[in-house]
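Chemist: I'd like to ask some things about the structure below.
Read-outs throughout are calculated quantities, based only on the coordinates presented, and are distinct from any laboratory measurement. Given the structure is predicted, the values throughout are model-derived calculations rather than measurements. Note that each Cβ is placed from the backbone with ideal geometry, even for glycine, and that neighbours are counted across all protein chains shown.
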Amino acid sequence: MEATIELTTREAVPANDTWNLSGLYASEETWQADFQLLESRMHKYASFQGTLGDSAGNLRACLEFDMDFSRILEKVYTFAHLRNDEDKTNNLHQGNYEKITRLLTQYQQARSFINAEVMAIPEDTMQKFLGDPDLELYRLYLERQLRYRKHTLSKNEEALLAASAEIARTPQNAFGMLDNADLKLGTVKDEKGTEITITQGNLQSLLQKQDRRVRRETFETFYKAYESHKFTYATLLSASIKKDIFYAQARNYSSVREMNLFSENIPPEVYDNLVKTVHNHLDPLYKYFEIRQRMLELDKLHVYDTSVPLVKNLEWNMPYDEAVDKICNSLQPLGNDYVGNMREGLLDARWVDRYENKGKRSGAYSSGCYDSNPFILMNYLDDNINSVYTLAHEAGHSMHSYYSNRNQPYIYADYTIFVAEVASTFNEALLTRYFLSQDISRDMRIYLICREIDNLRGTLYRQTMFAEFENQIYQAAESGQPMTVETFQDIYKKLLETYFGKNVILDPCLSLECFRIPHFYFGFYVYKYATGISAAYALANRVLSGGESELNAYLNFLKSGGSQFPLDLLNDAGVDMRSPKPIETALGKFGELVGELEALTS
């Protein structure tokens, strides 16, 4: 009988393996003191209400108070959520997290008048305010707010829309409960005959099994669950689309897409260029599927055959400290300052909570606030190469925040989602380049190339397919077409045929995949993954083939936070996302990798 391996309790984890949060708060008491300070100051918001249009001084006083309050709130929240994620079973930390989330809701309600009052200031008065030295720091912030003037309603109408926010989350919340709690995905027997319960978490692992029967039965069983609930899923997705259309029309946007692109000032051609350029580079993707079919020795390639590793039994062992060394070596092209700060953070400064313990949140992320260093949650495994890549990825996010927070005032330090994945993916690209430059076995080279190919396939091709699907379903709904099960599946099936080509068998149940993607409940979000990885590869090429000016341009991008709109930030770094060229660069890299894989395996 095999011994059961018990997870370490949080109390037993060595301090050096945990993040050091003392820079946020040295004790529970100091956290409570700031929490109580926020509670005692909340009522002061009311003293500014109705005064913002009276003078530039009044407006500045309100904005200063709001930023100071927000900055402390961010610090208090960060500490609470990090502590809660260390151990979800700790009642004290769970209670503190619930307290701060309630306070966050109260804060949003208390400050809700600010935007409406700013919009109500007459345009000529606002122009005088913007020229006042008292508002110099806030000028860009206000100009961004004022872009929404034509999309802002009356005070009462805005209050009504704000009050509807909780109801509007119902489709998303219901999808989450159905998909993660109520849906029973069935079981499958693994290679040894052991019955495994299929979950959203282990699906990908099961689809990577070398035994094709396990992959096929997992795939078929998984989608039977969606087949039996497809009408509910279609209703929820349709309701989410109708909710978005309602808000777009209420706020005077021509479409939901325009509403979502407007916030980051993204022109529609960026979205359309992405889809068009990917369509023009599908042949290397089809070639990759042909190589897979040949290497797996299959008469027909099904979608459930497209994730299984092409190299069997590859052994990997890299302890955490060695992983840090490898990552730092790979990022040396970014200079000693970047690498030195990152090494210090990942090791001695204890930015990272390294290993799994009982009750700890799964997955990985980078977090922090303006008044702290970055923090990285990991569940590092020495025998899993993905852990090394995850650490490099999250370190990229952390270094982006590190430089932004040290070079921008609080109001402009935070960067948008559009650029958030650039620095992290950039690091992964350099890590692969480093590993491939080493003296490694043929099997390891094949594995690394396949990993990079699959990363580009999943992030660039697949997310573009999702983006195209979103665009088509919103256009259909906005033109009055009924959004039924058949409508969703027909649109999705045609896209599957485009992106997989003629030689991959598309099992009929695969069109149900459109009902299991949670990002479809956050309209027009997924395209940012594809543009982000394209920008990252373009910037990596530019830095590696360039000199000091190209490197400085990239480092300045990291330091710029949210001081400009995302396309302007990337343009200053040397990448014009208004053109298809960065996407072509990433797709060109995909083609090179497929060509190398073919040469290695033919």
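Chemist: Quickly work out the Asn503-to-Arg144 label distance, labels modelled 7 Å from Cα along the C-beta direction, and quote it in nm with one decimal.
Modeler: Inter-label distance under the simple model: 4.7 nm.
Chemist: Additional query: Enumerate the amide H contacts of Lys189 below 5 Å, restricted to partners 5 or more residues apart or on another chain; note that Pro and chain-start residues carry no placed amide H.
Modeler: Under 5 Å from the amide H of Lys189 lie the amide H atoms of Ile196, each far enough along the sequence or on another chain.
Chemist: Moving on. Nothing charged except the Cβ atoms of Lys and Arg (+1) and of Asp and Glu (-1): what's the magnitude of the dipole of segment 497-557 about its Cα centre? Round to the nearest 20 debye.
Modeler: My answer is approximately 80 debye.
Chemist: Per-residue HN-Hα couplings for segment 259-271, Karplus 6.51 cos²θ - 1.76 cosθ + 1.60 at θ = phi - 60°, whole Hz, x for Gly and Pro?
Modeler: 4, 6, 6, 4, 4, 9, 6, 9, x, x, 5, 4, 5
Chemist: How far, in nm, would the chain grow between Asp34 and Glu486 when pulled straight, counting 0.36 nm per residue and subtracting the alpha carbon separation?
Modeler: 157.3 nm
Chemist: Related question: Determine the equivalent ellipsoid of segment 287-434 by diagonalising the alpha-carbon gyration tensor, then write out the semi-axes as square roots of 5 times the eigenvalues, largest first, rounded to whole Å. All intermediate terms of the calculation are to be shown ahead of the outcome.
Modeler: Values: eigenvalues 214, 65, 50 Å².
Calculated on Cα positions only, the semi-axes equal 33, 18, 16 Å.
Chemist: Could you work out how much longer the chain between His279 and Gln49 gets when fully extended? Use 0.36 nm per residue separation minus the Cα distance between them, nm to one decimal.
Modeler: 77.6 nm
Chemist: Here's a follow-up. Can you find, among Asn173, Thr8, Gln472, the residue farthest towards the positive end of the dipole of the chain? Put +1 on the C-beta of Lys and Arg, -1 on that of Asp and Glu.
Modeler: The one lying farthest along the dipole's positive direction is Gln472.
Chemist: Give me the count of lysine pairs in segment 10-163 whose alpha carbons sit under 23 angstrom apart, restricted to pairs 8 or more positions apart or on different chains.
Modeler: Pairs that pass both the separation and distance tests number 7.
Chemist: Under a cut-off of 13 Å between alpha-carbon atoms, report the aspartates and glutamates in cross-link reach of Lys209, not counting same-chain residues fewer than 8 places apart.
Modeler: Straight-line reach from Lys209, under 13 Å: Asp190, Glu191, Glu217, Asp305.
Chemist: First check a/c for segment 206-352, with a ≥ b ≥ c the square roots of the eigenvalues of its C-alpha gyration tensor; if it is under 1.5, answer rounded, and if not, answer prolate when a/b is larger than b/c or oblate otherwise. Walk me through the numbers on the way to the answer.
Modeler: Working: a/c = 1.88, a/b = 1.13, b/c = 1.67.
Oblate shape, in that a/c is at least 1.5 and b/c is the bigger or equal ratio.
Chemist: Tell me which residues come under 5 Å, amide H to amide H, from Tyr365 once H is placed; ignore anything under 5 positions away on its chain.
Modeler: Leu377
Chemist: Using label points projected 7 Å from each Cα along Cα→Cβ, tell me how many nm separate Phe262 and Leu161, to one decimal.
Modeler: Placing both labels 7 Å along Cα→Cβ, they lie 0.7 nm apart.
Chemist: Using θ = phi - 60° and the Karplus relation 6.51 cos²θ - 1.76 cosθ + 1.60, list the HN-Hα couplings for segment 217-230 in order, rounded to whole Hz, with x at every Gly or Pro.
Modeler: 5, 4, 4, 5, 5, 4, 6, 4, 5, 6, 4, 6, 10, 5
Chemist: Report the Stokes-Einstein translational diffusion coefficient (µm² s⁻¹, integer) for segment 106-180, Rh taken as the Kirkwood radius over Cα pairs, at 25 °C with viscosity 0.890 mPa s.
Modeler: 166
Chemist: Where does the chain land at 222 nm, in deg cm²/dmol rounded to the nearest 500, when only DSSP H runs of n ≥ 4 count, each adding -39500 (n - 2.57), divided by all residues?
Modeler: Details: 28 runs with 365 residues, N = 602.
Helix-only estimate at 222 nm: -19000 deg cm²/dmol.
Chemist: Would you please name the chymotrypsin sites (Phe, Trp or Tyr not before Pro) within segment 272-340 that are DSSP coil residues with at most 16 other C-beta atoms within 10 Å of their C-beta? Before the final figure, lay out the partial values.
Modeler: On the way: sites: Tyr286, Tyr288, Phe289, Tyr304, Trp316, Tyr320, Tyr338; in loops: Trp316.
Sites meeting the loop and neighbour criteria: Trp316.
Chemist: Would you grab the residues whose amide H sits under 5 Å from the one on Ile505? Only those 5+ places off in sequence or on another chain, please, with H modelled 1.01 Å from N.
Modeler: The answer is Leu301, His302, Val303.
Chemist: Follow-up. Can you check what the Kirkwood hydrodynamic radius comes to for segment 1-103, Cα pairs only, in Å to one decimal? If you can, show how the numbers build up before the last one.
Modeler: On the way: mean 1/r = 0.0608 Å⁻¹.
One over the average 1/r among Cα pairs gives 16.4 Å for segment 1-103.
Chemist: Let me ask something additional. If you build the Cα gyration tensor of segment 11-71 and take the root of 5 times each eigenvalue, what three semi-axes come out, in whole angstrom, biggest first?
Modeler: In descending order the semi-axes read 38, 13, 7 Å.
Chemist: May I ask you to order 582-595, 31-44 by the average number of other C-beta atoms within 10 Å around their residues, highest value first?
Modeler: Those peptides, ordered most packed to least, come out 582-595, 31-44.
Chemist: Can you work out the Karplus-derived ³J(HN,Hα) for every residue in segment 65-76? Use 6.51 cos²θ - 1.76 cosθ + 1.60 with θ = phi - 60°, whole Hz, and x for glycine or proline.
Modeler: Values per residue, Gly and Pro as x: 4, 4, 5, 5, 5, 4, 5, 5, 4, 4, 5, 4 Hz.
Chemist: Give the angle, between 0 and 90 degrees and rounded to the nearest 10, that separates the Cα long axis of helix 336-346 from the longest principal axis of the Cα atoms of the chain.
Modeler: Approximately 90 degrees, to the nearest ten.
Chemist: For all pairs of alpha-carbon atoms in the chain, what percent lies in each bin of width 20 Å, listed from the first bin to the last filled one?
Modeler: With 20 Å bins starting at 0, P(r) equals 17, 52, 29, 2, 0.
Chemist: Then there's this: Could you list the trypsin sites (Lys or Arg not before Pro) in segment 170-203 that lie in coil according to DSSP, counting only those with at most 14 other Cβ atoms within 10 Å of their Cβ?
Modeler: Passing sites in segment 170-203 are Lys184, Lys192.
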